[in-house]
Amino acid sequence: MTQFSRRRFLTIAAACAAVPARAAPATARWQGRALGAGVSMQLAGLTGPEAAPIFAEVARELERLEAIFSLYQGESEISRLNRDGVLPAPSPEMLELLSLSGALHRATGGAFDPTVQPLWLALAAGNGAGNDIEAARARVGWPGLRFDAAAVRFTTPGMAITLNGIAQGAVTDRIAALLRARGLRDVLVDMGEIAAMGHRADGADWSVGIADPAGRIVRRMTLTDRALATSAPLGTLLDAGTGQGHILNPVGGAPRRALVSVSAPGAALADGLSTALCLLTPARGAEVLAQFPQARLETAI
């Protein structure tokens, strides 16, 4: 049986929580794709025709952000960096996300490390031989990544990065900022992680559901002027035969949590923290969260 992805199920949970369409004030809804998965948004107080120009602008912004962060596009900034080992003149968005990644790497004692991409690729390709895995692990290490306004570069041959543990949150933040700049205050954005601004059209807080990889709702909650991110190591399997999940410990070892949800003022921070906390013991995770007082652990299994 096909399982719901985390993103897809959160979108359904948010929509199902609304009052019936015939009784609700106007809410414009949009669905699309970004970073290889479905995304959506709801704009309270607008009709579809009123929202159409805004949705078109959102689609253009998503194209621009994918040209920076998408591993699916061969000429995106991240793909060129991984291919060439150097990225001249990185975008401000890339530099901002690398800076946040560095802060999370330090705060988590190295558990959050976007340079795990070589290890991810080795495991996804089924290269299970110990030598292959160890060779890939030798190319992992945040200190081997250097960046400034002039360039991003690797200092070790064969390095690569993935920002999939934080980029969805960053895209969510960018789209939320675009909508705020257009004067919108009552919005639910789901770009892989969720940002809720203001209220639904009926005046209630936005309602979302947190689901496990099997699609079971483990918690329902309301959200206003806050972002929510959920990570689950088995939400995506690199190898169904071995049960290898997609959230990897850069130094080895199994994840410590099956699912973690974190809320924060920004979705990028919530996204990075939820990813990292899957790899940490509850006690160590609490120490990490204490360094980000505006973030809050919502659910952990």
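Values in this text are rule-based calculations from the coordinates and carry no lab data. The shown structure was predicted, so the numbers you read here are calculated from the model rather than taken from an experiment. For neighbour counting, all protein chains shown are included, and Cβ atoms are generated from backbone atoms with ideal geometry for every residue, glycine included.
Summing charges over neighbours of His199, with a neighbour being any other residue whose Cβ is under 11 Å away from its Cβ, gives -2 when K and R count +1 and D and E count -1. Measuring max minus min along each principal axis, the C-alpha atoms of segment 134-212 give extents of 56, 36, 13 Å (largest first). Residues with beta-carbon under 12 Å from that of Phe55, excluding Phe55: net charge, scoring Lys, Arg +1 and Asp, Glu -1? Charge balance near Phe55 sits at 0.
Ordering Asp173, Asp84, Asp212 by the number of other Cβ atoms within 10 Å of each residue's own Cβ, fewest first, gives Asp84, Asp212, Asp173.
Go through segment 19-98 and name the trypsin sites (Lys or Arg not before Pro) that are in a DSSP coil and have 12 or fewer other Cβ atoms within 10 Å of their Cβ. Of the trypsin sites (Lys or Arg not before Pro), the ones in loops of segment 19-98 whose Cβ has at most 12 other Cβ atoms within 10 Å are Arg22. Global dimensions of segment 184-301 from alpha-carbon coordinates: Rg and Dmax equal 14.9, 49 Å. Sum -39500 (n - 2.57) across every DSSP H segment of at least 4 residues in the chain, then divide by the residue count to get the 222 nm mean residue ellipticity, nearest 500. Taken over the chain, the calculation gives -11000 deg cm²/dmol.
Of the DSSP H helices in the chain, those with a Cα length along their own long axis of 24 Å or more and a mean Kyte-Doolittle hydropathy reaching 0.0 comprise 48-69. Cα-based radius of gyration for the chain, normalised by 2.2 N^0.38 Å, reads 0.99. Sorting 175-181, 186-192 by their mean Cβ neighbour count within 10 Å, with the most densely packed peptide first, gives 186-192, 175-181. What you get for the chain, charging only the Cβ of Lys and Arg (+1) and of Asp and Glu (-1), is a dipole of about 460 debye around the Cα centre. Mean silhouette area of segment 83-153, derived from the convex hull of its C-alpha atoms and averaged over all directions, reads 5.2 nm². Under 10 Å, Cα contacts only: if you run a Gaussian network model on the chain, which one of Gly235, Gly38, Gly272 comes out with the highest mean-square fluctuation? Fluctuation is largest for Gly38.
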